[in-house]
Amino acid sequence: MADEIQKVYYILQYFRRRSRKNSENLSYTKCGTSGGDFVVIRILIADDYLPFRQVLKDFLETANPRLKVVVQASNGRDALNLLEKNPVDVALIDIRMPIMDGMELCRLIRKGWGQHIGIITYTGLNSPRLTAQALQTGADLHFVKPFELFSLASAVIKLGDSRKVAAVSVG
C-alpha cells in the first residue's frame, strides 16, 4: 500500500510540473462584465480505484482552475445517489465498477438528466465493441487507458462549455 501511495504521489508531481508548462493549451472562458470571472465546470468522477480518482481530481483541478471535482463515487449506485444532491456538468465514468457498472450508470444518467450532463467514459480494455456500446448507452466520448490527461482535460472543458451554453440557451 505504501508503494502504491508513493507511485500516486510521483504521478501527481509529474502532472503538476507538466501542467504548468502546458497550461497555455487549455482555454479559459471569461465571462461577466469585469472579464475576471470564469465559469466553473463541475465534475463527477465515478471509479472504483481511489488512487486513480485522486490523480484525476488533482490533475484536472491543477491543470485548469475552471475544473472542479465536486463529487466522487466508487460505484455507479453511489454516483447516482450523489447526483441527486450535487449538480454536475460533466461525469467521468469508469466502465468497470462493482455494484453498478459504468454502462448502466451512463444509461440511467441519460434517462434521468437527458443531455444536461456531459458523459465521458473510460476503460483499460481496448475494444471497439466496448467503445461502441459506451457511445450507444449515452456517452459523449470514450477514452481507452492509458490516455493523455491533457486530452481529457480539454475534452472536459469543451463538453462542459457545450452544456453550459445549452443550459443558458434553453433556460
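The values are calculated or read from the model by the stated rules, or taken from the named source; none is laboratory data. No experiment lies behind these values; they were computed from the predicted model shown. Counting neighbours? That spans all protein chains shown, and the Cβs are built from the backbone with ideal geometry, glycine included. Keep in mind that these areas ignore ligands, DNA and RNA; they rest on the heavy atoms of the full protein, side chains included. Shrake-Rupley method; radii C 1.70, N 1.55, O 1.52, S 1.80 Å.
Data for the structure
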read-out	value
Residues satisfying the stated conditions in region 42-68, i.e. within 15 Å of Gly118 (Cβ to Cβ), open to solvent by 10 Å² or more (accessible area, probe 1.4 Å) and of a type in the set (A, V, I, L, M)	none
Tabulated pairs, region 141-162, first free of Cβ contacts under 8 Å to residues at least 60 places away in the same chain and on the phi < 0 side of the Ramachandran plot, second outside any strand (DSSP E or B) and open to solvent by less than 60 Å² (accessible area, probe 1.4 Å), C-beta under 6 angstrom, 6+ apart or interchain	Leu141/Ala155; His142/Thr131; His142/Ala134; Lys145/Gly124
Inter-residue pairs, beta-carbon under 6 Å, first over 17 Å from Arg129 (Cα atoms) and in region 94-113, second open to solvent by 60 Å² or more (accessible area, probe 1.4 Å) and at pLDDT 95 or above, 6+ apart	Met97/Asp48; Pro98/Asp48; Ile99/Arg77; Met100/Arg77
Residue within region 84-99 that is assigned to a helix (DSSP H, G or I) and either open to solvent by less than 20 Å² (accessible area, probe 1.4 Å) or of a type outside the set (D, E, K, R) (or both) present	no
Residue count for region 47-83, restricted to those that are touching a Lys or Arg at 6+ places or on another chain (Cβ under 6 Å) and in a helix (DSSP H, G or I)	1
